[in-house]
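S.K.: I have a structure I would like to understand better, so I am pasting it below and will then ask my questions one at a time.
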Amino acid sequence: MADKNEWGSNLSFILAMIGSAVGLGNIWRYPYVLYSNGGGAFYIPYIVAILLMGIPFLILEYGVGYDFKSSFPKAIRSIHSNWEFLGWLLPVAVFIIMIYYSAILGWDGIYMILSFSKGWGANPDTFFANTLLHSTDSVSGLLTFIPIIAVAMLVGWVIIWFVSHRDLEEGLGKVSKVLVPALFVIMVIIVGVSLTLPGASIGLSELFNPNWSLLGHFEIWMAAFGQIVFSLSLGMSIAFTYASYTKDDADLITNTISIALANSLFENFAALGVFSILGYMSMQSGTAVADLVTQGTGLVFVVYPTVFNVLGQWAYILGPLFFLTVYLAGLTSILSTVEPLSFSIQNKFGYSRSKAMTILIIVGAALSMIYATAYGGNVLGFVDTFINQIALLFGIILECIIFAWIFKAEKLIGFLNSRSKTIKLGKWWLVIVKFILPVFIAIIWIGGLNDVIQTATFDQLVFTALTAAILLIATVIFTVLPSKNPDWDKTEERV
Ligand code: PHE
């Protein structure tokens, strides 16, 4: 049975991290966020968010993961023996992300096949909402099961199992080394073709046209920080877990910089492609770019098919390539979402990697069937909002308090700097991870929470409460179950 959790090389580690970061957030979220928050002017808060939060926070998570070389809950337990509960919270939250990410992957798989024949027909809007998802706003839709979605999702779960139940390097390591470079190559092709489309420049000048006056507005700063949190997969114990799989000497500071750069490069490329194509569409249809642009499922499953419908022959190349990119980007991200919980279970209960993965994937696949119902799309929206606006930001604040303050980030500076060939950490880094970051994130967190409470419908509140309850109950169960690893109970406090 597969039992090894060790990267074969630093390259596998970096590529797997990039694979986790580059995902739907880069393709469907970023172009819209950039456009609707000041265009070219957005780069200022965006770069500040990367320098002030993305890179310093990732260095912190890596540093602690590398130092502890254990699962996340075990590390928290050794910081304070009564806090194991907090250690399970994030890995379980990430597993919840996995379950809904699998639905989007499934939809995308269906579109990849449809794109060879433009099988969505003349009306992509009604096709997506009605023909495919049978979408309804009534909770009774939970009883209407849609087999095709279930099949598409199960295909994804089988692929995930196939990769994840092997030894780390044999599965995730190897797959990342192939898929992540492939993803960049395909993206370059898509952008290359898109830029040659007539009208591309209309889209691009709309996109980058800077609106400097927005710089004074708090919202665009919030949007930039929110984008970086999601896009770099911060606050989720993924970086921690990946770093704990590193056995050799690693230059974590330089790794972090490479990962952040690759992630930004990819999302800015995606923006070029998306907006060139929207510019083309705008020219063909006479609709303003502003009326075409949207984000999320609307962009991928409605706007893009609409564009492909008017694109003629190019659509048979761009269409399948585009849905393939989304699939691969989604796949390399979803593979990272099972690692923290799986490693924690192996660590506490003595399961082999392959056994822990198999169980988690079966449970995840079973739970994901809620998204194969006619009300599934709505549930997905609610869970996504809860995770993004509440859980992830909370994770960052929690990690800053526990790692930077209680564990004391000072302890990490020595070994991080001694290996770094680029930047060296100093007082500035401590000021960021101890003060600036938690305070700023706390402000955004309160803003987001307030937003959810103000705008939520009754159904949304019920589902948000249910998700929170499931998260807490699962966390309690993992915490109170007795451990089968003698090392676990012996954990010595390291503070
Ligand atoms: N970073 C991923 C993206 O941009 C999202 C993600 C969230 C990945 C959670 C893993 C875990 O799409």
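The values are calculated or read from the model by the stated rules, or taken from the named source; none is laboratory data. Keep in mind that this is a model prediction, so the values were computed, not measured. Don't worry about glycine lacking a Cβ; one is built from the backbone with ideal geometry, like all the others, and counts go over all protein chains shown. Keep in mind that these areas ignore ligands, DNA and RNA; they rest on the heavy atoms of the full protein, side chains included. Shrake-Rupley method; radii C 1.70, N 1.55, O 1.52, S 1.80 Å.
S.K.: Within region 167-181, is there a residue that is open to solvent by 40 Å² or more (accessible area, probe 1.4 Å) and in contact with a Lys or Arg (Cβ under 6 Å, 6 or more places away or on another chain)?
M.R.: Scanning region 167-181 turns up at least one residue that is open to solvent by 40 Å² or more (accessible area, probe 1.4 Å) and in contact with a Lys or Arg (Cβ under 6 Å, 6 or more places away or on another chain).
S.K.: While we're on this one: Have a look at GLY109, GLY119 and point out the one that is out of contact with any Leu (no Cβ under 8 Å at 6 or more places or on another chain), more than 25 Å from SER344 (Cα to Cα) and not in a helix (DSSP H, G or I).
M.R.: GLY119
S.K.: Sticking with this one: Looking at region 397-444, which of its residues are open to solvent by 70 Å² or more (accessible area, probe 1.4 Å), in contact (Cβ under 8 Å) with a residue 24 or more places away in the chain and aromatic (Phe, Trp, Tyr)?
M.R.: TRP405, the sole residue that qualifies.
S.K.: Which one is most open to solvent (accessible area, probe 1.4 Å), of the residues in region 335-377 that are among the hydroxyl-bearing types (Ser, Thr, Tyr) and in a helix (DSSP H, G or I)?
M.R.: THR358
S.K.: If you don't mind, another one. Select, from ASP291, ASP248, the only residue that is away from the ligand (no atom under 15 Å from the Cβ), part of a helix (DSSP H, G or I) and surrounded by fewer than 21 Cβ atoms within 10 Å (Cβ to Cβ).
M.R.: ASP291
S.K.: Continuing with the same structure: Evaluate the following for VAL92: is it assigned to a helix (DSSP H, G or I), closer than 29 Å to ARG419 by Cβ and among the β-branched types (Val, Ile, Thr)?
M.R.: no
S.K.: Among the residues that make up region 200-215, is at least one of them of a type outside the set (A, V, I, L, M, F, W, C) and either within 20 Å of the chain's Cα centre (by Cα) or surrounded by 20 or more Cβ atoms within 10 Å (Cβ to Cβ) (or both)?
M.R.: yes
S.K.: Right, next: Looking only at residues in region 263-275 that are over 13 Å from VAL188 (Cα atoms) and surrounded by 24 or more Cβ atoms within 10 Å (Cβ to Cβ), which one is farthest from the ligand (Cβ to nearest atom)?
M.R.: The qualifying residue farthest from the ligand (Cβ to nearest atom) is PHE275.
S.K.: Consider SER285 carefully, then state whether it is free of Cβ contacts under 8 Å to residues at least 60 places away in the same chain and touching a helix residue (DSSP H, G or I) at 6+ places or on another chain (Cβ under 8 Å).
M.R.: Yes.
S.K.: Consider region 34-48. How many of its residues are of a type outside the set (S, T, N, Q) and surrounded by fewer than 23 Cβ atoms within 10 Å (Cβ to Cβ)?
M.R.: Number satisfying all stated conditions: 7.
S.K.: Related question: Cβ-Cβ below 7 Å, separation at least six or inter-chain, first residue in region 117-133 and of a type in the set (Asp, Glu), second surrounded by 14 or more Cβ atoms within 10 Å (Cβ to Cβ): which pairs?
M.R.: Pairs found: ASP125/VAL302.
S.K.: Name the one entry in THR479, THR457 that is at pLDDT below 95, of a type in the set (Ser, Thr, Tyr), open to solvent by 30 Å² or more (accessible area, probe 1.4 Å) and out of contact with any strand residue (DSSP E or B) (no Cβ under 8 Å at 6 or more places or on another chain).
M.R.: THR457
S.K.: Check region 219-233 and report whether any residue there is more than 16 Å from the ligand (Cβ to nearest atom), over 19 Å from TYR101 (Cβ atoms) and open to solvent by 70 Å² or more (accessible area, probe 1.4 Å).
M.R.: yes
S.K.: Moving on to the next point. Would you check if THR373 is farther than 27 Å from GLU84 by Cα and within 16 Å of the ligand (Cβ to nearest atom)?
M.R.: The answer is no for THR373.
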